[in-house]
């Protein structure tokens, strides 16, 4: 298959987005959106760095790569609309593998009503997939990290640490001894096929001000980004951080590491004025996902924004890299 | 330097585009453009496949990668506005090298008044740069490949084969014997630092209908894309294809190969009704580049769109891959 054939072969026959004027097939794609602002981001995933074929089939690779990008749009309160994929293909990946990667992306894109509008396929030494995501956001309803304010409550959607648990189950033969099959499959599914929280974030529409970040690099890191951007402190209460009912079957050290620093759950972390908590509950209800209050926002505790983790009577300052200083 | 530091370190301090609301520093960039349509494309360049350090310094790699993307916007008649870069970095590339790649991009971005609004930096085995370009285009003035019509004239900007000549000069010690230093430098410059024809394409504004393609893969291929998309035949007259005055110093076989099939000149190939030729001349004059009539459009010569090359009394049908069938 030559350089152009793959993207052509997967060019969608119909458009899902009414704003799309021209998809694949010319020098660029063309679209129109006169009433909303445009949000866009790019992420690159490299085999051996971000995923391995040991834990993911090509289908999962495609699904997860696009999920991570859609999650960025969710974290801005936006609606994903289009994506472009650029793939570096090494020898050893067959056309069937590539078709499976695309199928994983397209199945997810179909769920979110997103169009593939462009891409590039080149040969190289290692598999690398770069996804550009483009979406819309209502003007003045963008959910920036800098929106956290003193006295806000901090919330998180879903359950945390699941994707790390799933990865551990797939890579360590001893992992999760005695874990029921159903729970095992749940965690593995969360690693391979995460669900970006677009509908939840959009359902926060009635709230005037929300700070949002998607949990791609662990809640400690995401909280630190909000704290830094807003120049506040985020106090998180360990026992309130939501975990799956079977999560306690892993040892305490793993639980702590995965729920605080484990990435790729693609849940949302946010802050909102306390009076708007009912909006959060209603959004979670509408999106049919759990949501939990997990902390509060205060003025910066030591001059600069940071994250304070409360575990029982002890508190710890988490820095951005996940390194903890005991206090 | 960690994964995030590089993109942060190069995050622009000021915005060039008034429509940009949020650049680097959150989950996505945010921009607004209520009056024009959005055009976007992505291209990936891999070391060893698209470039080597033998012929390009890191600065040129950055410059050329972005030039190729801007050229796609030019080929739609659009104005580039934003770009995002995703880089896979192997060992052996230093921070200085990366800074040079960025400098090459930024110098070109500055010329075109474009903002860097996002990106990703990951480690891997081979250098791979993926650039997403986003621009604006006036509604109903998009220059599609499908716009060619019978009796249109075919034109090309600049001179063709230059980049291939430059690459040959850089890779073959015997190349261009006796070629004056100035001409040698010119061809090498055209290989390393191409000039996308944005201002020319925009200056065609007064023309109602233009088919445009940028010459990234050789004029034969680009002409075939227009012929196929418009279901017409493009007749090209060899002696009218514009070349640099020193181009004839290379042997005939090289000349033919480079001007017809040599890629990466990033000139524009177009078709337009004959009555609008003065608009083309005026646009070239405004953009201070040469333009040449090189052919005509006819109904498809054998049922489907194709390219017919006239060389003296002989004519040849060029297919898309550049393979020629003698007639």
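So how long is each side of region A:5-137 along the principal axes, counting just the alpha-carbon atoms, biggest first, in Å?
45, 31, 22
How far apart are the residue A:91 label points across copies, placing each 7 Å from Cα toward Cβ, in nm, shortest first?
For residue A:91, the inter-copy label distances come out at 2.3 nm.
Given bins 20 angstrom wide, list per bin the percent of all Cα-Cα distances in chain B, short to long.
Result, from short to long distances: 32, 56, 13, 0 percent.
At q = 0.25, 0.28 Å⁻¹, what log₁₀ I(q)/I(0) does region B:84-133 have when each alpha carbon counts as one equal point scatterer in the Debye sum?
Values, matching the q order: -1.00, -1.15.
Considering Cα pairs under 8 angstrom that are at least six residues apart, work out the relative contact order of region B:1-152 and quote it in whole percent. Write down the numbers at each step before the final one.
Values: 266 pairs, mean separation 56.1, N = 152.
Relative contact order, region B:1-152: 37 percent.
Report the residues of region B:80-124 in range of a label on residue B:13: point 7 Å along Cα→C-beta, backbone N strictly under 19 Å from it.
So the set is B:99-100, B:102-111, B:113-118.
Using alpha carbons only, how many degrees (0 to 90, rounded to 10) separate the axis of helix A:252-261 from the longest principal axis of chain A?
60
Run the helix sum for chain A: -39,500 (n - 2.57) per DSSP H stretch of 4+ residues, divided by residue count, reported at 222 nm to the nearest 500 deg cm²/dmol. Can you show the working numbers first?
Details: 9 runs with 100 residues, N = 327.
That comes out to -9500 deg cm²/dmol.
Out of all DSSP beta bridges in chain B, what portion is antiparallel? Express it as a percent rounded to 5. Please list the in-between numbers first.
Details: 47 of 61 bridges.
In chain B, DSSP labels about 75 percent of beta bridges as antiparallel.
On a 0 to 90° scale, report how tilted helix B:277-287 is relative to the longest principal axis of chain B, with both axes built from alpha carbons and the result rounded to the nearest 10.
Value to nearest ten degrees: 30.
Taking a point 7 Å out from Cα toward Cβ as the label site, list the nm distances between residue B:53 and the same residue in every other copy, smallest first.
Those separations, rounded to one decimal, come out as 2.9 nm.
Dividing the convex hull volume of the alpha carbon atoms of region B:23-81 by its residue count, what do you get in Å³ per residue? Intermediate values should be presented prior to the final figure.
Working: hull volume 6.8 nm³, N = 59.
Spread over its residues, the Cα hull of region B:23-81 gives 116 Å³ apiece.
Semi-axes of the equivalent ellipsoid for region B:97-212, please: Cα gyration tensor eigenvalues, times 5, square-rooted, ordered largest first, whole Å. Mind dumping the intermediate values first?
Details: eigenvalues 183, 131, 35 Å².
Taking √(5λ) for each eigenvalue gives 30, 26, 13 Å, largest first.
Placing the label point 7 Å from Cα along the Cα-to-Cβ direction, what are the distances from residue A:208 to the equivalent spots in the other copies, shortest first, in nm to one decimal?
Copy-to-copy label distances at residue A:208, shortest first: 5.2 nm.
Quick one: order B:143, A:256, B:16, A:275 by neighbouring beta-carbon count within 10 Å, fewest to most.
Numbers: B:143 24, A:256 18, B:16 15, A:275 9.
Ranking B:143, A:256, B:16, A:275 by Cβ neighbours within 10 Å, fewest first, gives A:275, B:16, A:256, B:143.
Semi-axes of the equivalent ellipsoid of region A:145-326: what are they in whole Å, largest first, if each equals the square root of 5 times a C-alpha gyration tensor eigenvalue? Don't skip to the answer; put the middle values down first.
Details: eigenvalues 143, 80, 31 Å².
Taking √(5λ) for each eigenvalue gives 27, 20, 12 Å, largest first.
Report, please, the projected area of the protein assembly as shown averaged over directions, based on the convex hull of its C-alpha atoms, in nm².
Details: hull surface 121.3 nm².
Orientation-averaged projected area of the Cα hull: 30.3 nm².
Taking the number of other C-beta atoms within 10 Å as the exposure measure, put B:84, A:76 in order starting with the fewest. Mind showing how you got there, number by number?
Numbers: B:84 25, A:76 28.
Going from sparsest to densest Cβ surroundings: B:84, A:76.
Give me a single rounded figure for B:47-53: the average over its residues of other chain Cβ atoms within 10 Å of their Cβ. Provide the component values of the computation, followed by the final result.
Numbers: counts 2, 3, 6, 2, 0, 0, 0.
Neighbouring Cβ atoms belonging to other protein chains average 2 per residue here.
Rg to Rh ratio, region A:175-237, alpha-carbon atoms and Kirkwood radius? Spell out each step's value before the answer.
Numbers: Rg = 16.1 Å, Rh = 14.7 Å.
Result for region A:175-237 is an Rg/Rh of 1.10.
Starting with the fewest neighbours, write out B:210, B:243 ranked by other beta-carbon atoms found within 10 Å of each beta-carbon.
Details: B:210 26, B:243 18.
Going from sparsest to densest Cβ surroundings: B:243, B:210.
Tell me the Rg and the Dmax, in Å, that the Cα atoms of region B:264-319 produce.
Over region B:264-319's Cα set, Rg and Dmax evaluate to 14.0, 39 Å.
Looking only at other chains, what is the average number of their beta-carbon atoms within 10 angstrom of each beta-carbon in A:64-73?
Working: counts 0, 0, 0, 0, 0, 2, 0, 1, 4, 2.
Whole-number average of other-chain Cβ neighbours for A:64-73 is 1.
Coordinate-derived values only; no laboratory data. Because the structure is predicted, anything quoted here is derived from the model rather than measured. Quick reminder, even Gly has a Cβ in these numbers, built from the backbone with ideal geometry, and neighbours come from all protein chains shown.
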